[in-house]
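Since the structure comes first, as structure tokens, the remarks are kept for the end.
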Amino acid sequence: MTLKTLTLTTALTAALATAAAAQTTTLRIQNHQSPESTSGRLIAEFVENVQTMSNGEIAIEMFYSASVVKSAETFDAASSGILDCDMTNGSYQTGKNPAFMFVADTMGGYETPLQYQAWVNFGGGKEAIQELYSAHGMTFIGAHVGGQESLNSTRPLAGVSDLENFKFRSPPGIISEIFADLGAKPVVMDFTEIFTALETGIIDGADASSLAVNVGLGIYDIAKHTTFPGFHSMSSDHLACRTDVWEGMPEHHRAILTAAEKVLAFDLMMLTLVENGEALAKLPDQGVTIHDWSAEDRTTFREAAQRAWDTWAARTPEADMMVQSHKDFIARIGLGD
């Protein structure tokens, strides 16, 4: 080998090594799920899938249970550079703009997680969300949600009429307004206070989580009534990355992350369906009564929800745009009345 050939070979090797190094992406992502939860286990699979599909080019340091910053601070932490991506929930940012509520949960809008995912991917949802996120230097990648949550109660909850004076734990925001409109008495409290409040009778029930998660938490040891299938809340988490980080990735890395997020979303829907079914089969033996609301009661709830949507839509142009996007898609798929 001549000196010229050796020099060219060395230069080419160095160039290839530099190119290879440039294809490496390292991401710090925080979620608010515990590692042992259904979502947490599937997020771990998401990390493994990304690493495998990228042949090790993408390395993710995933932080569970909001271990770096508080859940509501994750979006800002990613936007400011403390983290690279946020895998929590858009509704935490409602203080920035009411439109963020309708990224995560329409409250009575959709009956299944598949309908919501169809809005995101084929109904203009992704574009509407991105318009909102870009103002904060973030890029929306995708969303994942398991399914409808189930209300639990220490008293019968068979329909709208049973909501009269129903004292229940509620998260803040639009959900409290909807239930109050229907005669309930929502009490905003932290998730960790539910058990004591149920045991002492401060509340009659709680808006906690899905049927399976409620079982896992032991809520039905106290509350012997539950709604299923759920009808009121289906809160979706997202994957959103700082825009300069996202745009700085090679195109195939962006494609891998987008595909892995869709796999996470699909797996979460399926696994939630399975786990809810398993929980449903066991609850009657534990003395729990299952309440499946009638079509009429569900319609009444949806009408109350949409009254609250309109109130929130009037607050900002972005909220109006987001609400209208949902309404248009609901009509498009024949879900509206």
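The values are calculated or read from the model by the stated rules, or taken from the named source; none is laboratory data. Just so it is clear, the structure is predicted and the values come from calculations on it, not from any experiment. Glycine gets a Cβ as well: all are built from the backbone with ideal geometry, and neighbour counts include every protein chain shown.
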Does Ile29 satisfy being assigned by TED's automatic domain parsing to the domain that holds Asp267, under 20 Å from Ala104 (Cα atoms) and assigned to a strand (DSSP E or B)? yes
Looking only at strands (runs of 3 or more DSSP E) that lie completely in region 110-182, which have at least 3 residues being in contact with a strand residue (DSSP E or B) (Cβ under 8 Å, 6 or more places away or on another chain) and within 23 Å of Ala319 (Cβ to Cβ)? 138-144
Among the candidates Ser54, Ser65, residue that is in contact with a Ser or Thr (Cβ under 7 Å, 6 or more places away or on another chain) and surrounded by fewer than 22 Cβ atoms within 10 Å (Cβ to Cβ): Ser65
Filtered residues of region 328-337 (kept if charged (D, E, K, R) and crowded, with 17+ Cβ neighbours inside 10 Å): none
Go through Glu275, Glu247 for me and flag whichever is touching a residue at least 12 places away in the same chain (Cβ under 8 Å), crowded, with 17+ Cβ neighbours inside 10 Å and assigned to a helix (DSSP H, G or I). Glu275
Number of the condition not met by Gly230 [criteria: (1) within 28 Å of Trp119 (Cα to Cα); (2) at pLDDT 95 or above]: (2)
Considering only region 140-151, I want to know if a residue exists there that is without any contact (Cβ under 8 Å) to a residue 40 or more places away in the chain and either surrounded by fewer than 16 Cβ atoms within 10 Å (Cβ to Cβ) or out of contact with any Lys or Arg (no Cβ under 9 Å at 6 or more places or on another chain) (or both). no
